[in-house]
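The structure appears below as structure tokens.
What follows is calculated from the coordinates using simple rules that are stated; it is not laboratory data. What you see is a predicted model, and the numbers here were worked out from it, not measured in a lab. Here the Cβ positions follow ideal geometry from the backbone for every residue, glycine too, while neighbour counts run over all protein chains shown.
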Amino acid sequence: MQVVAMGAAGDMGRTAARHLATNGAISEPLLADLDVARAEMLAGSLAGTASGRVRATVCDVLDDRTARRVLDSADLVLNCSGPLFRLGIPTLRAAIDTTTMYLEICDDPDPTIEMLRLDEDARVAGLASVVGMGASPGISNLLALRAARRLDHVRDCFTGWSLDDSRDGPGDGGDGGDGGDGEEQGLVRADGAPSGAVVHFMEQIHGAVSVVEDGVLVRRPPLDAIELEYPGLGRGTGYVVGHPEAVTLLGSLGLSGRSCSLVVVRDGSTAAFLRGLRSDLDDGDLDLDRAARALLRPSAMRSARAAVAGVALRGGGSLPPLFAWASGTADGRPATVGCHVTAMPRGMAGATAIPAALAAAQLLADRPRPGVHAPEAVIDADRLLTELIPFCTTPVDDLESLAPLHVAVEV
């Protein structure tokens, strides 16, 4: 089988390509990128460990003819090209036109909504597609599914990730590789500029974002505080950000209440700092790039203002670094369920691209029903999380120790 790693020269794409290349079921890993020289270097480095012949090719996904040529003989494309909020939709359209299974790691709710609207086209073409299968979204969706299974009815569902842990593990990073214009290492590129993930995070904390209220998708300002009592761990506060989980969990879990994605921060001053950036972005005093630079290199004045404003705000408390929290009923009684991961692959690229590569292998093996799906709709959560264990930085024994469930039922 031939699998295309789109955006293979970027940080996410390189990590995904390495794991695809060692999959014995994939005989032809094809590394596609606008920067074909870097893709060829990666292909050469994988030649000794790959299970099949690794090739590289140039591809501009915005060029329909080129994209279709690359995908025409492929069984699946794993799209890590960035920014995915701009490149995800044209790549999915090319996949549908060439009847190529599709999986990607986009963490933007608006393109996710647009891609889900292509469900009928994908069903007619007879191919399965999965959108948002990285860490958050992706693993977070699967944790939400595990939590929801413990409830008879799900009212509310929140997912969250830690900003402070994003350098070394769970968190954002679903925005794909850098497309070949500067190697990204977590939050900072090799040239010292903010990574694409950080710039995109600025987009997710200003303006209006998609959340669920009373079982309906609505638009609200980000960074409102949500306090949760996490079963078995304690209380903590997260802050609303624009992520796709609420968009898909609404329908997948049949939510009747609230849902959104939360960023968890260490203390109130960090939350206040983010709110300051939000205000300057909304007022036009900062653009996304300057806001990202201000986050990574805060000025003394901005930090001082945040320290004062942060006194009135709360940090993450007992909330885990990457989690899902659901409320509803269990056996007819009010209940809450938490599910979180205790370990993840190293770094933003590992936490995002390795789950994506494992999910791609599932698609190839299981051939789920055609359509455009969220991860929780077609990915076997327990199986993927179990397969993730060998790649985690902290040793864990089994599924229950990697993704424990905590349930609290009112008596």
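Relative intensity of region 228-355 on a log10 scale, I(q)/I(0) at q = 0.11 Å⁻¹, equals -0.52, per a Debye sum over C-alpha point scatterers of equal strength in the absence of solvent. Per-residue extension of 0.36 nm, minus the Cα-Cα distance of Ala312 and Asp287, leaves a gain of 6.3 nm for this segment.
Restricting region 95-172 to trypsin sites (Lys or Arg not before Pro) that sit in a DSSP loop and have at most 12 other Cβ atoms within 10 Å of their own Cβ leaves Arg117. Taking a spot 7 Å from the Cα of Ser27 along the direction of its beta carbon, which residues of region 99-131 have an amide N less than 11 Å from it? Under cut-off, by backbone N: nothing.
For the pair Arg266 and Glu400, the difference between a 0.36 nm per residue extended length and the Cα-Cα distance amounts to 45.6 nm. Counting other Cβ atoms within 10 Å as a rough exposure proxy, the listed residues Thr394, Thr112, Thr57 run Thr394, Thr57, Thr112 from fewest neighbours to most. Listed peptides 366-378, 217-229 appear in the order 366-378, 217-229 once ranked by packing, highest mean of other Cβ atoms within 10 Å at the front.
What is the distance in Å between the Cα centroid of region 288-355 and that of region 1-51? Region 288-355 and region 1-51 have Cα centres separated by 32 Å. For log10 I(q)/I(0) by the Debye sum over Cα atoms at q = 0.10, 0.12, 0.14 Å⁻¹, the listed values are (1) -0.75, -0.93, -1.14; (2) -0.62, -0.90, -1.22; (3) -0.71, -1.01, -1.30; which was obtained by calculation from the structure presented? Recomputing log10 I(q)/I(0) by the Debye sum over Cα atoms at q = 0.10, 0.12, 0.14 Å⁻¹ here gives the entry labelled (2). Length gained on full extension, Val407 to Arg86, computed as 0.36 nm times the residue gap minus the Cα-Cα distance: 111.6 nm.
FRET efficiency for the Arg220 to Asp380 pair, using the beta carbon distance and R₀ = 41 Å, is estimated at 0.80. Pairwise Cα distances in region 139-340 exceed 29 Å in 24 percent of cases. Averaging the Cα positions of each part gives two centres, and for region 88-157 and region 241-266 these lie 14 Å apart.
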